Every structure is written in structure tokens, then in C-alpha cells.
Amino acid sequence: MKKIIILLNAFLLVASVGCCQNGTDKIDRKALVERHTVMIDIFDSLASLSVGNGGFAFTVDVTGLQSFPDAYAKGVPLGTESDWGWHSFPNVHHYRFQDALKTYQLNGRPVKYAVEWNHGPEKNKATADYFRQNPHRLQLGNIGFEIVKKDGSLATINDIMNIRQTLNMWTGEIHSSFQVENIPVDVITYGHQQEDAISVKVKSILLRQGRLKIRIRLPYPTGAWADMGNNWKDENKHRSFILDQTNKSAIIEHQLDSTRYFINLNWKGNALLKEKRPHYFLIEPKDDTTFQLSCLFQSTRSFVSAPSFTATKNNSIKYWRSFWETGGAIDFSGSKDKRAFELERRIVLSRYLTKIQCAGFNPPQETGLTYNSWFGKFHMEMLWWHAVHFALWGHVDLLEKSMSWYARAAANARKIAKRQGYDGVRWQKMTDNNGDEAPSSVGAFLIWQQPHFIYLAELVYRDKHDKRFLEKYKNLVFATADFMASYARYDSVKKKYVLGKGVIAAQERYKPEETYNPTFELAYWYWALETAQKWRKRLGLLPDKKWADVLKKLSPLPIQNGKYIFTESATDSYTNPEYRTDHPSVLAAYGVLPLTTMADTTIMKNTFNWIWKNWNWNKTWGWDFPMTAMTATRLDMPEKAIEALLMNIQTNTYLLNGHNYQSQRLTVYLPGNGGLLTAIAMMCKGYDGNESINPGIPKNGEWKVRSEGLHLMP
């Protein structure tokens, strides 16, 4: 991976007065953002850059468009994805979802779960595979340059020389310059902040020579776990054609089975659009050395023109400035600790990436709007990591956008609870815009996504302090709590409520048929039910008797040798090496969550210290590091909090473009970016019961911290 060209001198010259969030010195936010302008001078498949608006994103290579998708397919792919762009292959075999259900005998009764039948009848496996695969998110199109060399051949990535590309996050501008056979090309790219549109301005003599054209290619979905947007096969399985065309505009329609969408094109300059071959269109500019193009992606046909380049540029500048000037900011300039600049870089880039990838009206997938993972579906246990930071950074409106999904998905969530014999709504794990459940042998048994809605709604209320928001969310808060109370099983021998059997903990290392009382889930159950009771009190309602009984009799957090074991059913938690991998989620019981009567700080500190020394950190995920940092902060271990955030582990890598890299399989992982923002907000602003100055920052004189506009974490 190439090192970022760092504007280090500028960083060191920025003055820093005071070291706390309540200092009087205002942060120069423009300087803060622009000192982390991304600068690229060489082809790097992991360094692609994106523009977007939260529900639509467009990722470009070093040319400022998507000219070489195959070269980036194994890095950070050149995707064009949206909130609304989904597709399903025809169900020609008439699969029925109920055939993906498997009955488990749990706690004395049968319960049906939607799972992958890896060892079941062939029909069941095929059914589960179909509903995991469908619907899948679409790659909407690839817009790039077709560059003709002097000998008539098309340029490849190896012909792109003298690269200089920047991403200015203050304005949302990607500025790309390069040369082909010593002829310069200059490209400026913007994304519109209200429309699913991009605009580009190109300058080069190659335009006048007819050697620089703009190519629009429409891929077919792979139907695979990942979709990089470069499947040019299967030409006969879809249709695309030019609907309308003038000398300044055109509309392309793309039809895939029952799905169709439209690309509205608008340009400034003389040009002609033509179809070169199926799903391959060329815009050929003429007679000038400058050309402007805008592309608007829409789910329904509209005769509204794509916004012009100037309009898109002005829109981007206006709304990005508003984003950066409102809400929170953290400034580490003047710090002596060499880690400070890298941490600040990760923060700024993560704010940009989560704003363009995770702020739509549906929850984001783990790879955002760049490329598909898990078929483009989103995972509801990850919404906490994607979205909580928006509230802590003073942008609760962006949190509420994705929360709107819950109301649309509630009917299906209620069906799941009813099918399994529970009250209320059981929130789906792996799902889509409609809230349909995807079969999963792991996801079907996870429960830690369940309290998230109560946590998110509480964040909104803390921000607004307005009864209208209690009224807005109360029904879903109460239905969420109803499921939680009915899911807890009363053990008449222990005289305690038990979670499980039939659960997979957040640390996905335990068999569901054997697992009960995972530590984090117990603590989260308690916190969420207690918070739901607070909502009733705020609304002038009496406490719910069932919730109260569960709160009173819920199993305590399991302890062994002065430490919390990861789940009560795994008494070999500390001796079995397999249980030292994946998420150390036991730490979330006092990290993600505040201190409740369930947890003890001394026992948690013992647990933390053991995990710190003994965990297999090479087998973790990107959000595990901020989770650990939050627990360290609450335990008054600020140096450990910083070390956790910057631990030198592959899954804690932050690329040139800011993406949290996990592996060759998962080059983008936005829960890591969101988790980082949540952790650092808490480390600088504090949390309920601790509003001290920078509680998660070492007090060794090496750190200078200014922050403003942050909100306390619960």
C-alpha cells in the first residue's frame, strides 16, 4: 500500500491554544479538513476515490472517471450504487421461503429459523441460496474514458502517466490530471448532494482530436457474494437502449428482468451519443478542448435534465461546507505524539466516507455504496457501528434517515417474532430495503441487533428533548422491548430469566443449540428494557409489568475466576484458543454500554487486561478496535484507548482513501470507520457520568486536543 503524501508542515504550523473541548479557541475547520486532502501520484487499486450523497456513490480511478474497472476489481472497485438500485433473478423454480425454514427443538419447544441448509435436502439448500442471493444490489453503470492512442489502440492503465489526483473533502471535488503519450488531460469530478448525479469537466486537446471519448457500460449482476461492477458477460440477459437524444442530452434505459432504471445525460459542448455494441455507449465530443457531462441515475423515467456541471459543483461546495461547519470537530494540531496526525487523518476521512456511503434512507451494507458484499444486503447488527456516530457528532438528522427503515420493515419483523412464538418485533439480521429476511445459519440466531432501535431512538431523544420524538418512535420502542421480554426464558430452577439456548453471540464462535446467556447480550437486554421503561415514564405511562419482571430476575453476567466469561454456556472461554478470536464482545458490556447494575468495573478491568494480552488480534474485525478503546476509556485507561484505535493489525488498516481494509475479500469495511468516529467522540467529549476533559486521551503532555460540537455518549 502506498503512503499518503502528507501535508506535515501545514499540520505543524497550525496553532493550537488550550487542550480541551471547552476552550475558547475556535477550530479552523477548513484548515482541519484540507490538511488531509488525499493526494495520489501513482496507480494503486486500493486508492480509488468516491463522491456521493449518502444514498448514492460513484467511485473513480486515477482518471477521475471509471475508465479501468478491471484494474481496480481486486482493490477498491469502481462502483456506482444507490439506495434504490436492486434486482432479483426470476424465481423460475418457484422457490418458497418457507422451504428455507428449519425447525429446532429449543428450550422444550419447536422454533423455526431461516438458515442455510448445508446438510439438508437439495431443495432446501437451493431455496436458501436463492433468497440469500435475491434481491441483490445493482451496480448501476460504469462511466469512463475511452482513450485512443496514436497507433489506434485503446490506452490501458499502464499508459496513464504523470498522475496527480486530489480529493478535497471540504468541497467534494476530485481533481485528476494525467498524461497519455505526453498529452495532458485534466478532469474535475463532483457528486450532487440531493440528486443521484455526478458531473465531470474535461480539458484536453485529445477531445478535439477525437481520441478522448466517454464510455458508458452497463454490467449484468453477478449474483455472487461480491459484485465489482465489471461483469460484461451475459449480454443477452438484459437490454439497454437510447430512449431519447438531442444534441445536448440523452436518456438511456436499462432493463434487467422486472427491474429497470434510467440514466439521464446532459452535456455542454458538441457531442454525439451512439451505441457501440450491446450495453456499451460512447459519447464522442467534437470541435473543442473542453467538455462537460452530467449523469443522473433514476429509478423511474423523468424528463428532468441532469444538473449541469456548474450546478453540481455549486451544490457540492455549498452542502459540503455546511456539513463540515456544523456538528462536531476534533483538532489534534500541535500534538507531540506522532500518532496524532494519523488519528486525525482517519477521523476526517471517516467522516467523509460515512457521509457519502452511510447516510441514506436505508441502512448501508458493510461495503457501503462501493461494491457488493453479502449480495449487497445490509446487516442490522452493524447499524450501530454505521450510524451512532452521526448523533455524537451533532448530525442526528443523518442517523434518523436510516432509522426510517425500521417502520417500513416492522411488518416483516413482527411476522418473524410470531412465527417463532414471541411477542413484538424481532428485527432482521441480514436483510434489504423491504425488510425481507435472508436465510443465514449465523444471522438467524443473532440477537444483539434487537436492542439497537431502542439505543438509536434514545440518541434522537437526547438530542431533541422533545416529546414529539417520544411519540414518533414509541410504538417501535415498545414492540422491540416486547420481543426482548418474551424472548427471555424463565428458568424455574434458577428463578432467573435466561437468554437462549438458540443464540449466537456477537462473538460468532459458539453453536446456537448449546449457547445461552452471552455476557454482552445480557447487559444490552438489561439496558434496553430499562431504557424502554424510561420512555413509558416520560410519556406518563405506568411501567410494563413483564419488562419489570425480566429486569428484576434477569440472569447476572457470568463470572469465572474474577473475570467475565464470554457466555455462561462456554465455561472454557479462557482455555479454548478458538474463543480468543473474532469480536471480543464481552468488552462491549462496559464500553458500548454504560455502567449498569449488571456490570462491575473491577471484574471488567480484569477481563480487559486478560483479553489485551491474550486475544488473537489478527483474527478480529475493524470495529473491534474502537470497541476496545471505548471500554478502555470507561475504565480510565486512556493510553490503552489510543493504542487500541491505532493497533498495528491488518484489519485496523486505513487506506490512502480512508477505507478500513480487512482482507483481499473485504477491502472496504465501513463499520470500522463509523466505530472509530463513535469511539473518538466519546474519548474527547465523555459519556454520562464522566464529563471530564478528554477522558480517553493520555494526560502525558504529548497530546493537544481541541473539540467542539460533540455530544455525550450514554
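The values are calculated or read from the model by the stated rules, or taken from the named source; none is laboratory data. Just so it is clear, the structure is predicted and the values come from calculations on it, not from any experiment. In this analysis, Cβ positions are derived from the backbone assuming ideal geometry, glycine residues included, and neighbour counts consider all displayed protein chains.
Summed over the stretch 639-691, the residues that are among the basic types (Lys, Arg), assigned to a helix (DSSP H, G or I) and under 19 Å from MET382 (Cβ atoms) give a count of 0.
The set of residues in the stretch 483-499 that are under 18 Å from ALA523 (Cβ atoms) and in a strand (DSSP E or B) comprises ARG489, LYS496, TYR497, VAL498.
In summary, strands (runs of 3 or more DSSP E) completely within the stretch 206-320 and bearing 1 or more residues that are under 30 Å from PHE375 (Cβ atoms) and among the aromatic types (Phe, Trp, Tyr) occur at 239-245, 259-268, 280-286, 290-298.
Here's the yes/no breakdown for (1) under 24 Å from LEU154 (Cα atoms); (2) modelled with pLDDT under 95; (3) buried (at least 21 other Cβ atoms within 10 Å of the Cβ); (4) aliphatic (A, V, I, L, M):
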residue	(1), (2), (3), (4)
SER302	no, yes, no, no
THR312	no, no, yes, no
TRP320	no, no, yes, no
ILE347	no, no, yes, yes
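Residues in the stretch 471-488 that are surrounded by 19 or more Cβ atoms within 10 Å (Cβ to Cβ) and more than 30 Å from LEU106 (Cβ to Cβ): TYR473 only. Could you check the stretch 1-120 for strands (runs of 3 or more DSSP E) lying wholly inside it with 2 or more residues that are at pLDDT below 95, closer than 30 Å to ASN652 by Cα and in contact with an Asp or Glu (Cβ under 8 Å, 6 or more places away or on another chain)? Output list is empty. Within the stretch 688-701, can one find any residue that is over 19 Å from the mean Cα position of the chain (by Cα), touching a residue at least 60 places away in the same chain (Cβ under 8 Å) and closer than 30 Å to ILE40 by Cβ? No, every residue in the stretch 688-701 fails to be over 19 Å from the mean Cα position of the chain (by Cα), touching a residue at least 60 places away in the same chain (Cβ under 8 Å) and closer than 30 Å to ILE40 by Cβ.
For the stretch 694-703, the criterion of being crowded, with 22+ Cβ neighbours inside 10 Å, part of a helix (DSSP H, G or I) and not assigned by TED's automatic domain parsing to the domain that holds VAL51 is met by no residue. Consider the stretch 350-362 and keep the residues that are surrounded by 24 or more Cβ atoms within 10 Å (Cβ to Cβ) and either touching a strand residue (DSSP E or B) at 6+ places or on another chain (Cβ under 7 Å) or aromatic (Phe, Trp, Tyr) (or both). The one that is farthest from ALA329 (Cα to Cα) is GLN357. Evaluating TYR422 against the criteria (1) of a type outside the set (Val, Ile, Thr); (2) buried (at least 24 other Cβ atoms within 10 Å of the Cβ); (3) more than 26 Å from the chain's Cα centre (by Cα) leaves one unmet condition, (2). Just one residue in the set THR575, THR571 is touching a strand residue (DSSP E or B) at 6+ places or on another chain (Cβ under 8 Å), more than 27 Å from MET713 (Cα to Cα) and not in a helix (DSSP H, G or I); that residue is THR571. Restricting attention to the stretch 590-604, the residues that are crowded, with 21+ Cβ neighbours inside 10 Å and in contact with a strand residue (DSSP E or B) (Cβ under 7 Å, 6 or more places away or on another chain) total 1. Summed over the stretch 244-296, the residues that are surrounded by fewer than 16 Cβ atoms within 10 Å (Cβ to Cβ), among the polar types (S, T, N, Q) and free of Cβ contacts under 8 Å to residues at least 60 places away in the same chain give a count of 5. Looking across ASN694, ASN652, ASN690, ASN700, one residue alone is of a type in the set (S, T, N, Q) and under 24 Å from LEU167 (Cα atoms). It is ASN652.
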